[in-house]
Amino acid sequence: MTSGPTASPSATPAVPSTALPRLLPGPLPGLDPTWSRHVGFDDADGVRRTAHALDTGGDDPVGTLLCVHGNPTWSYLWRRLLAAPPAGWRVVAPDHLGMGLSERVEGPRPLARRIDDLARITTALGVTGPVVTVAHDWGGPISLGWALAHRDDLRGVVLTNTAVHQPGHVAAPALIRLAHVPAVRGLACVRTPVFVRGAAALSRPALPKDVRDALAAPYRGPDRRRSVGDFVADIPFAPGHPSWPALDAVADGIRSLDVPALLLWGPRDPVFGEAHLADLRERLPHAAVHRFEGASHLLAEDAPQYAGIVSRWVGDLGDLPVGDGGNGHGEAGAPADGEDAGSRRVWTALAERSDDASPAVVEVDGAAVTWAELASRVAATAAGLAAAGVRPGDRVALLVPPSVDLTTAVYALWRAGAVVVVVDRGLGLAAMGRALRGAGVDHVVGTPAGLAAARAMRVPGRRIAAGTAPAAVLRALGATTTLADLRARGSGLTAPSEPPADAECAVVFTSGATGPPKGVVYRHRQVQAQLELVRSTYALDRGDRIVAAFAPFALLGPALGIGSSVPRTDVTAPATLTAVALAEAAAAVDATVVFASPAALRNVLATAGDLSAVDSETLSRVRLLMSAGAPVPVPLLRRLAGVLPAAELHTPYGMTEVLPVTDVSLADLEADLASGPVSDADPTAGGGGVCVGVPLPGVDVAVSAVDGLGRADGPPDQAPGVTGEVCVRAAHVKDRYDALWATERTSSRDAGWHRTGDVGHLDDRGRLWVEGRLGHVVATERGVVTPVAVEQRVEILAGVASAAAVGVGPPGAQRVVVVAVPAGSPPRRGRPLAEPGLAADVRAVAGVDVAAVLVARSLPVDVRHASKVDRASLAAWAAGVLAGA
């Protein structure tokens, strides 16, 4: 190492830690006092200094994690990483001079001096390569300065909520600009503990008091807070600042770092925002990224799981060549660059029907566009987008309801090589905004209402208006052009070059029904593989027309070469679809196919009495019904057969990450009922859970067995009768999760397989039975219990309208609790315990040992699907009830 001689931690002369008892009279939560040590070194002026560090030590470590704190924290911030380091790695977390438990200094130490100090401290501590730096806040530039000076020993870089540059198009963080004012700085940072205490106060939920006190412990009194103010003053906002050259050198220098990098980010940080993350990603384009939904500035406090993620990432470095950030972009089985993935693209069907005068898309209000018109619009708009500066790979948020404009925009953007970003409106503005900002969009296409929402959500990017509005309104919304203007501009221009099959084409966010919404990245080849599978599975051809009560399928209609319409309904609430609205949409295109969610279909049944004879005749011409999004009970399918008498009723199974996976029809299920494996009296007799059919051609399904604690750590296995996490392998599986390295690493840790988070098993006929979600498995002393089979048995009872089975207690010793919604009169408020008779009936049919039976007026469900029970919140409620809350 260039910074000094090699020495083991035990051989390094240590300065007695006399300051620790005086500063910290009691133990600190999570801090092992044996990590604490002081070390002496000579600074650049030859002055003897004393620095404090937390150090796990160890002889001949595999490598060292060098953890660098910011302002106004100290090495205590890294306690979780010190407690659980990567196997064989040493963790060293120094305190800057004047900070934490290090020596207080007389005057300010600018950035260049801080970088030099860190090099001298690591020399004194005997730190040798390989080294992975880990940093937060102002520790980011300091650690990166160290990294640039120690390239020979550098193995990787981890950054959490920091910056090396202030992007010119956004204002500097308001909190820092305010603290930068000399009068405010002296008062808030030095004379009072406002700045010190304020950093910990940014966390939501609030940190425990003992942790807040520990973070502030070294800064009791103005004399111990002088460097807190000096650090703030050292932040350069303009070239004339003394530390500007050093920061500029770091910002430019990291572009040449060829080691793996990991960016961990709290998106609710009021100090470092999305623009700072985007700047870091631009300078470190190979970096893996993981965003922690809900985390703020102190990511190490708000997302304590970061330590395990860092350890996993560091553990992977041994398998990566230098310069590979480990994004997981190249999933097993994906064609390499240049490999032929087929000649068809999502717009191929448009070209094939460019002289067809039949309707391609029918809007909710009845307006329609023919295939010829749609093909012309897409080609001209794609050329206009390219001429206006929309580049291949640009990300474009779409805030347009299902319409001709939306379809035109999607296919034109794909044709121009852009990546469409789609977020479900049902998430609400707050969650939508976080998703779109996190996706790093470059442009926004929206109606006036959509552009207004984009402003409210603080979504960045150039604005392109869809639809019509007065010019003054569009200017006020920031729109620089419209789709109509782009189409006119592109008319007659040469179409842009087609993007390759391996180019990214979409980021589609999950509904949030099973956790925070996740951006799912698809490439053209994966979308095309999905289309071909859907086309062949359901024998779709150009004679078909689809009513898509599920907006994504309306967008895919043109790619399948079939006309489509969207019924009059609230796209944020599928359960608002009425039977009459379905019939009207079917009549608009003379539909042969319907795709809708179970929640939508339940309301169709509830309103079927409103159908006219003409409506019923229209629906009788539908040959195929598909319903996905949640398990569809056989009784529901039977009733739907009365509304769609000629339709084959299919329930494909899949999710945003891969759809479809399997398929089962009502005819298949009725055959099972007739042959005996399943019965109306016990729908789980054939396997436990919901049968979703056999894997489709080209799709492999396996399960990873769950252990006694409900964990699925085993390899994917196709043995029948084994309950575990459902794993899928297919050409149309997503490319990756966007900016969620840890989530992607977990879901695709078995090469080529996607772990779905669902739990189920395969039977001896190769059919998949879904039994719930992995996070909802109840790990009892007698083994694991999956919820769906229990719920199905309980819901057979005449006195039960619906039910959910949840676990209460620690994994391995959990007890099953059934929450039932009684049929008929709702339970009395404040009386959550079931009546003895109902409790006895539930226990008699549940098939497992039930510790308690509770009653509720309804079960919590996710807003979007209105059919997936939120068992996590229900378990928390049940635990509170049983604890006497």
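Compute the helix-to-body angle for 139-149: its Cα long axis versus the longest principal axis of the chain, expressed 0 to 90° and rounded to tens.
70
Could you tell me what percent of the DSSP beta bridges with both partners in the chain are antiparallel, to the nearest 5?
Once the DSSP bridges in the chain are tallied, antiparallel ones form about 50 percent.
When the expected Rg is taken as 2.2 N^0.38 Å, what fraction or multiple of it is the alpha-carbon Rg of the stretch 178-323?
That ratio works out to 1.21.
Can you tell me the Rg and Dmax of the chain, counting just the alpha carbons, in angstroms?
Gyration radius and largest Cα-Cα distance of the chain: 30.0, 96 Å.
Once Lys and Arg get +1 and Asp and Glu get -1 on their Cβ, which of 586, 289, 172 lies farthest toward the positive end of the dipole of the chain?
172
Between residue 495 and residue 282, how many nm apart are label points set 7 Å from Cα along the C-beta direction?
Each label point lies 7 Å from its Cα, and together they span 3.2 nm.
Using the basic label-point model (7 angstrom from Cα toward the beta carbon), what is the residue 751 to residue 722 distance in nanometres?
1.9
Can you divide the C-alpha Rg of the stretch 244-310 by 2.2 N^0.38 Å and report the result to two decimal places?
1.18
If one computes the Cα centroid of the stretch 592-636 and of the stretch 487-538, what distance in Å separates the two points?
Spelled out, the Cα-based centre of one part sits 28 Å from the other.
Given +1 on the Cβ of Lys and Arg, -1 on the Cβ of Asp and Glu, and no further charges, what dipole in debye does the chain carry about its Cα centre, rounded to the nearest 20?
Taking the Cα centre of the chain as origin, the dipole is about 2740 debye.
Report the calculated FRET efficiency for residue 844 and residue 174 (r = Cβ-Cβ distance, R0 = 35 Å), to the nearest 0.05.
0.05
So between residue 34 and residue 223, what do we pick up on full extension, going 0.36 nm a residue minus the alpha carbon distance?
65.3 nm
How long, wide and thick is the stretch 772-885, going by the Cα atoms along their three principal axes, in whole angstroms, largest first?
Cα extents, longest axis first: 36, 34, 30 Å.
Can you give the FRET efficiency to the nearest 0.05 for residue 42 and residue 700, using r as the Cβ-Cβ distance and R₀ = 51 Å?
For R0 = 51 Å, the calculated efficiency reads 0.20.
May I ask you to derive the FRET efficiency for residue 537 and residue 344 from their Cβ-Cβ distance with R0 = 22 Å, giving the value to the nearest 0.05?
E between residue 537 and residue 344, to the nearest 0.05, is 0.85.
For the stretch 396-533, max minus min Cα coordinate along each principal axis, in Å, sorted largest first?
44, 40, 23
Just to confirm a number: summing +1 for Lys and Arg and -1 for Asp and Glu over residues other than residue 706 whose beta-carbon lies under 11 angstrom from that of residue 706, what do you get?
-3
If amide hydrogens are placed 1.01 Å from N in the peptide plane, which non-local residues have theirs closer than 5 Å to the one on residue 520?
Distant-sequence amide H within range of residue 520: 508, 509, 510, 738.
Could you check the simple spin-label distance between residue 709 and residue 305, using points 7 Å along Cα→Cβ, in nm with one decimal?
The modelled label-to-label distance comes out at 1.5 nm.
For residue 668 and residue 503 in one chain, what is 0.36 nm times their gap in residues minus the Cα-Cα distance, to one decimal in nm?
55.5 nm
In terms of Cα to Cα distance under 24 Å, which lysines are near enough to residue 209, apart from those fewer than 8 places away along the same chain?
Answer for residue 209, where 24 Å is the Cα cut-off: none of the lysines qualify.
Tell me, what is the percent relative contact order of the chain, built from C-alpha pairs under 8 Å that lie six or more residues apart?
It comes to 7 percent, rounded to a whole number.
Want the number for residue 355 to residue 476: 0.36 nm per residue separation, take away the alpha-carbon distance, what's left?
39.6 nm
Here, each number is a calculation from the coordinates, and none is a lab measurement. Worth saying up front: this structure is predicted, and the values here are computed from it rather than measured. Note that each Cβ is placed from the backbone with ideal geometry, even for glycine, and that neighbours are counted across all protein chains shown.
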